[in-house]
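What follows is one structure encoded as structure tokens, with my remarks underneath.
Since every read-out is calculated from the coordinates, none of them should be taken as a lab result. Note that the structure is a prediction, hence the values are computed from the model and not measured. Positions of Cβ are backbone-derived with ideal geometry, glycine not excepted, and every protein chain shown enters the neighbour counts.
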Amino acid sequence: MRSIICSISSPLSFILHIFLKRQAEHENNAFRSLAVSHTTLRDGLYVLGHDATVVGTGDGTKAIPVDWNIGTAWSGGAGTLARIAKALHFAATAPDADVLQVINPNIFPVGWGLNARLLRRLRRSSPRMFLSGCGDDALFVQKGIRAMRYNPIDDATTIDLGLTEHPLSMPDELAWNEEIADFVDGYIPVMHEYELGYAGRSNVRPTIPLPVNVEKIAQLPNRVDGKLVVMHGAGRLGFKGTRHVLEAFRILEEKRPDRFECMHLSNLPIAEYLKMMTRVNVVVDQTNGYSCGMNALFAMAMGKVVLGGAEPESLSIYDGERTPVLNITPDAASIVSQIEAVWEAQHRLSEMGDEARAFVEKHHNYRRIAERYVEEWRRP
């Protein structure tokens, strides 16, 4: 089977381009990034004997390595023209494939209807096309969050974007999202949140968890050396609920400065971010989500204690198995309470780290996740 995956977490963010082909000579190819879910999926596909190529912008300051860069360092009109030229070149030269998977309805520049025209063209040339639920889109923004008690979009709109209304709340965005949702063969969400906006559609496929290549992540000893070291890393402060985390950090350090060292990291290159994570005991992922993203999964694979999304609704993808993630909500008090509980239970840190690592190995193994994607792409 030969396939192409185009994945992007938000417009002009990241694209993954994958060719699937049974070729043994590619089985030992090195994987170059731990940062994005679909690059890890690519690693799993390599192991299965498929050929894969990453195409993307590098996702800004994250500096994610790509094989075929369609981004640009230019800004303004020159940058826009460069992105358009690279999008046209990609669409014109993408080889024929059995499967095309897109992670977001807006993966190319949207001006002049270019994104829609290029995706319709790619759809016509692809026998099979799938949409992966792994980021913000109009259906999530306009329908999905209505089913949530709290959500990341409200703060993302006001804090991250500085707007009163999210750009994806426009009627034309919803119309295009519904069009692409209708013409794909299937929609594959990666977590509970991304199931919600597509509920009731006949082509929704089973949720497939995010993949993690644990073979490239070393589990580290988790012990307290004087202070409990707690870290929160976020590029999108509103989306992640950083204001609640920072308030919790302020309370903890004022209350017991002898017990807690709290760090907030923002917009670091991924290699530097992961290096910083090695020295901490606890990672605070996000307050506004029901599930955990890649940041939390990397931390768990390292044997860290993770605070983040672990609402009961999110556990359905694990067949109801309890997650080792300590659930928090958009409220500083809930974060303070959980971190203080970890301090009191610091004698169990090693055991908690083992549980976190085992959970990722069982439910997010990149090889098994890749197999599940191939199974879905092949299923009628």
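Could you give the length gained by full extension between Val224 and Glu272, i.e. 0.36 nm per residue of separation minus their alpha carbon distance, to one decimal place? List each step's numbers first, then the result.
Numbers: separation 48, 0.36 × 48 = 17.28 nm, distance 2.22 nm.
Roughly 15.1 nm would be gained on extension.
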Mean projection area, nm², convex hull over Cα of the chain: 18.0 nm²
On C-alpha positions alone, give me the angle between the axis of helix 332-344 and the longest principal axis of the chain, in degrees, nearest 10. 60 degrees
Based on the Cβ-Cβ distance from Ala345 to Asn69, what FRET efficiency comes out when R0 is 35 Å, to the nearest 0.05? 0.15
Can you tell me, using C-alpha contacts under 8 Å and at least 6 residues apart, the relative contact order of the chain as a whole percent? 16 percent
May I ask for the angle, rounded to the nearest 10°, between helix 171-183 and the longest principal axis of the chain, with both axes built from Cα atoms and the value confined to 0 to 90°? 70 degrees
With a Förster distance of 45 angstrom and the Cβ-Cβ distance between Asp258 and Asp98, calculated FRET efficiency to the nearest 0.05 equals 0.15
Positive end of the charge dipole of the chain (Lys, Arg +1 and Asp, Glu -1 on Cβ, about the Cα centre): tell me which of Pro221, Gly135, Ala333 has its Cα farthest that way. Gly135
FRET efficiency, 1/(1 + (r/R0)^6) with R0 35 Å, evaluated for Arg250 and Lys362 via beta carbons: 0.45
Ranked output for segments 354-366, 169-181 by mean other Cβ atoms within 10 Å, highest leading, reads 354-366, 169-181
What are the semi-axes of the equivalent ellipsoid of region 214-363, taken as the square roots of 5 times the eigenvalues of the Cα gyration tensor, listed largest first and rounded to whole Å? 21, 18, 16
Value at 222 nm in deg cm²/dmol, rounded to 500, when DSSP H runs of n ≥ 4 in the chain each add -39,500 (n - 2.57): -11000 deg cm²/dmol
Lysine pair count for region 214-363 [Cα-Cα under 27 Å; pairs on different chains or 8 or more apart]: 16
In the chain, with Lys and Arg counted as +1 and Asp and Glu as -1 at Cβ, which of these residues, Thr278, Ala97, Gly162, has the Cα nearest the positive end of the dipole, that is, farthest along it? Ala97
Ordering of 306-317, 113-124, 290-301 by packing [mean C-beta count within 10 Å, highest first]: 290-301, 306-317, 113-124
With Cα atoms, 0 to 90° folded angle of helix 114-124 axis to the chain main axis: 70 degrees
Let's see if you can work this out: charge +1 on each Lys and Arg Cβ, -1 on each Asp and Glu Cβ, no other charges. What is the dipole magnitude of region 214-363 about its Cα centre, in debye to the nearest 20? 400 debye
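For region 319-368, what does the alpha-carbon gyration tensor say about shape, rounded, prolate or oblate, given a ≥ b ≥ c as the root eigenvalues, a/c under 1.5 as rounded, and a/b over b/c as prolate?
Details: a/c = 3.09, a/b = 1.58, b/c = 1.96.
The shape class here is oblate.
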